[in-house]
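Visitor: Got a structure here, written out as structure tokens. Questions coming.
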Amino acid sequence: MSWLVLILSGVLEAVWATALGKSEGFTRLGPSLVFAGALLASMAGLAYAMRELPVGTSYAVWVGIGAVLTVVYAMATGGEVVSVLKVLFLLMIVGGVLGLKLITH
């Protein structure tokens, strides 16, 4: 259960990071509210997962999922340029996250 919550929390990290960018310095209400809600839920999920999973592993997985999804969303919506090297390095992060899952008991 902790891994599922951790993965969902990583997804919410991408949501709040994207909403933060769209809030334009908290001058837009909608994205600012999405940011706050996703941030609280993401942190709560991370804290829950850390009750059973190692802190370092939990944090690395949470950040990795959030970072990859944030960049993938930006590339899909035209906010970032897609390149072979960028995709390769994102896949390396995904590989690291999967590796941490495989070696964590």
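Visitor: I'm trying to understand the selection: among the residues of the range 61-84, which are closer than 25 Å to Gly45 by Cβ, β-branched (Val, Ile, Thr) and over 8 Å from the mean Cα position of the chain (by Cα)?
Guide: Matches in the range 61-84: Val61, Val71, Val72, Thr77.
A quick yes/no check of all residues on (1) surrounded by 16 or more Cβ atoms within 10 Å (Cβ to Cβ); (2) in contact with a helix residue (DSSP H, G or I) (Cβ under 8 Å, 6 or more places away or on another chain):
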residue: Leu85; (1), (2): no, no
residue: Leu90; (1), (2): yes, yes
residue: Val94; (1), (2): no, yes
residue: Leu98; (1), (2): no, no
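Visitor: Let me ask something else. Suppose we filter Val97, Val87, Val71 for residues that are within 18 Å of Leu20 (Cα to Cα) and assigned to a helix (DSSP H, G or I); which single one remains?
Guide: Val71
Just so you know, all these numbers are worked out from the coordinates, no wet-lab data involved. Just so it is clear, the structure is predicted and the values come from calculations on it, not from any experiment. Cβ coordinates were reconstructed from backbone atoms using ideal geometry, including for glycine residues, and neighbour counts include every protein chain displayed.
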